[in-house]
Each structure stands twice: as structure tokens, then as C-alpha cells.
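What follows is a set of notes on a single structure, which appears directly below.
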Amino acid sequence: MADVHGHLVFACGSSLYAVPADTASEVVNVPTLTRVPGAPAHLLGVFAHRGEVLPVVDLTRLTGHPIDETFKRAVLVRTPQGSVALTATRVLGVTTLEGSFERLGDVGVHQHLRGPARAAAGEVAVIDTQTFIEFLSTAG
Amino acid sequence: MTISAEVIEGLVLCRVGVDRLAVQAQEVTAFELPHPGAPYAGVGFEPGALAPLDGKSLRHHHTSLVVDSVEVHAERLKLLAVPPVLRLAWGGALSGFVETGGLLWPVLSLERFAAHTVRPEAAS
């Protein structure tokens, strides 16, 4: 499958992720977060950004990888289904990907990850941003 | 994403451990000393959290909710929309967010929040 639009590739912990470049609006430094009662563990909290409340999603908690608390930045993803900030320990930039874009699993968040795609830095899980945010919205 | 332009007036700003929340003042029918068994808002942030002995109880008709301390805020504030991924948090008790004093406060429906604190298994 050709990657004609490009993806923003970033690391979270030991894993690489990518989002379609046209859904990644910016990369921000994460300020002190406000915790929300009753939020699931992968929703670390929220912060106000240009008059909007943005939830911060920890990809390591969500995917079951070892938790990495060293993130200082987040990738803001905007879709018609909503906006989220995804934790990032390193941002590698926009690139075209090669390889597979098949679903990485049939249950949970892995239904919304595709790959394994390849970037210069290694194997990448591509986030299907629209269904990913729908999943987060219904998972509670 | 649509950003709510709703304005909210009259809030009770509550400290809960290191966290905070706000409820609409019109939802609070009385401030009381906490009584044994009253649900503690801290459970919403940390399961098993224990209410302080000197906390305050916010009564809403037949329900109540214990917090650490309260401050009434009378100014009009813009109510920021709940992000879609948080609409189901705590059984949908989140009404929005306000910014005051340089801090962001989650605004909760007291009745729904208290109900889910009593019955955490019912939370989504």
C-alpha cells in the first residue's frame, strides 16, 4: 500500500507510532495536567490549549507496553471524532512509510493500529486516528 | 471540534487531595460536616482514597459528597466542552471545564458524581 500523504512518526517508550500527517496538528510541550475523576488510567489528564480542553493519552498504558514516564511532549491529533494529545518521548518527523498497513490485532486498541510499517528508524505501528478516537470515546 | 461557548455562574471549587473539581452552586443544598459512610470524591481520582476528618460535605437533596475543602466562586466563567473521549468518564457526570486562577477545574454533576462514588462498579 502506497503512503502518499506521509505520516508523523514518533516514539513512546520503546515503540514507534505514526499518525497521518494531515491529522497531526502540532507537537506541544505537555504542561502540568489536571486529572479527571473516573477517567481510565491511559487518560493521564487534561490541559487547556487555545481555549480547548485536550485529553492526554498515554500510549504505553493503552497498548500494554512498559510504562515510560519520561515523555515531555505530545502530538496533537485532530479528527472529526475529536482531538487528543498522544504522549511522545521523541518526535522523528514526517516521512513516507513502507510495509504493511494491516490491522495489528482483533481486540482492544490493537484493532486501531496498523502495520508493521517501516520508517528509517524501524518498525512503526500506524494509528488509524478516526477509529482510534472513536474507540477511546466508547471505551470510557 | 466544537468548543462550547456556554457561560457558567456560581461554582463551588473543591480541593480533593492534590486534585480538584467544581460543582454548580445551585446543585448544593447545604454544606455539612461529613457523616460516616458519605461518599468521598477522592475515590474518583484514587480508588480506596480516604476522606479527611476535617472535610466538608456537599449535600444535594438526598445525596452528599465529601471533599477536603471548598471555596465559593461567584464570577461568570466560560464552560469549556468535554472532549469526546471523556464523555463517559464517571458515568457521564462531567459537565465541562472552567479555567480560573490559572488552573483548570473539571465541573461535575453532583448528583451523578455522588451516585457513582457510592457505586463505583456502575462507572463506565
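The values are calculated or read from the model by the stated rules, or taken from the named source; none is laboratory data. Everything quoted here is computed from the prediction, not taken from an experiment. Cβ sites come from the backbone with ideal geometry, for glycine too, and all protein chains shown count toward neighbours.
Observations on the structure shown:
- When residues in segment B:80-103 are screened for being under 19 Å from B:A25 (Cβ atoms) and crowded, with 18+ Cβ neighbours inside 10 Å, 7 of them pass.
- Every pair of residues 6+ apart whose Cβ atoms lie under 8 Å, when the first sits in segment A:110-138 and is more than 16 Å from A:A11 (Cα to Cα) while the second is modelled with pLDDT of 95 or more and assigned to a loop (DSSP other than H, G, I, E, B): A:H112/A:D128
- When B:V43, B:V23 are checked against the criterion of being crowded, with 16+ Cβ neighbours inside 10 Å, touching a residue at least 60 places away in the same chain (Cβ under 8 Å) and not in a strand (DSSP E or B), B:V43 stands alone in meeting it.
- Among the candidates A:R114, A:R78, residue that is away from chain B (no Cβ under 14 Å) and not small (G, A, S): A:R114
- Selected residue (criterion: modelled with the lowest pLDDT) from residues of segment B:15-41 that are within 14 Å of chain A (Cβ to nearest Cβ) and in contact with a helix residue (DSSP H, G or I) (Cβ under 9 Å, 6 or more places away or on another chain): B:P39
- Filter result for A:S100 (more than 19 Å from A:A24 (Cα to Cα), hydroxyl-bearing (S, T, Y) and either at pLDDT 95 or above or in contact with a strand residue (DSSP E or B) (Cβ under 7 Å, 6 or more places away or on another chain) (or both)): yes
- A count restricted to segment A:74-87 and to residues that are within 13 Å of A:L44 (Cα to Cα) and either surrounded by fewer than 18 Cβ atoms within 10 Å (Cβ to Cβ) or in contact with a Lys or Arg (Cβ under 7 Å, 6 or more places away or on another chain) (or both) stands at 0.
- Condition check for A:T23: in contact with a Ser or Thr (Cβ under 7 Å, 6 or more places away or on another chain), among the polar types (S, T, N, Q), buried (at least 19 other Cβ atoms within 10 Å of the Cβ) and more than 10 Å from chain B (Cβ to nearest Cβ): yes
- Residue that is farthest from A:P80 (Cα to Cα), among those in segment B:58-84 that are in contact with a Pro (Cβ under 8 Å, 6 or more places away or on another chain) and at pLDDT 95 or above: B:D68
- In the condition set (1) in a strand (DSSP E or B); (2) more than 21 Å from A:F47 (Cα to Cα), B:L53 is compliant with all but (1).
- Checking A:L8, A:L59, A:L54 one by one, the residue that is within 14 Å of chain B (Cβ to nearest Cβ), farther than 30 Å from B:G101 by Cα, of a type outside the set (D, E, K, R) and buried (at least 21 other Cβ atoms within 10 Å of the Cβ) is A:L59 and no other.
- Of the residues making up segment A:28-41, those that are without any contact (Cβ under 8 Å) to a residue 40 or more places away in the chain and more than 7 Å from chain B (Cβ to nearest Cβ) are A:P31, A:T32, A:L33, A:A41.
- Only strands (runs of 3 or more DSSP E) whose full extent lies in segment A:66-137 are considered here, and the ones with at least 3 residues that are in contact with a helix residue (DSSP H, G or I) (Cβ under 7 Å, 6 or more places away or on another chain) are A:73-79, A:82-88.
- Checking each residue in segment B:48-97 for being away from every other protein chain (no Cβ under 14 Å) and among the basic types (K, R) picks out B:K56, B:R59, B:R76.
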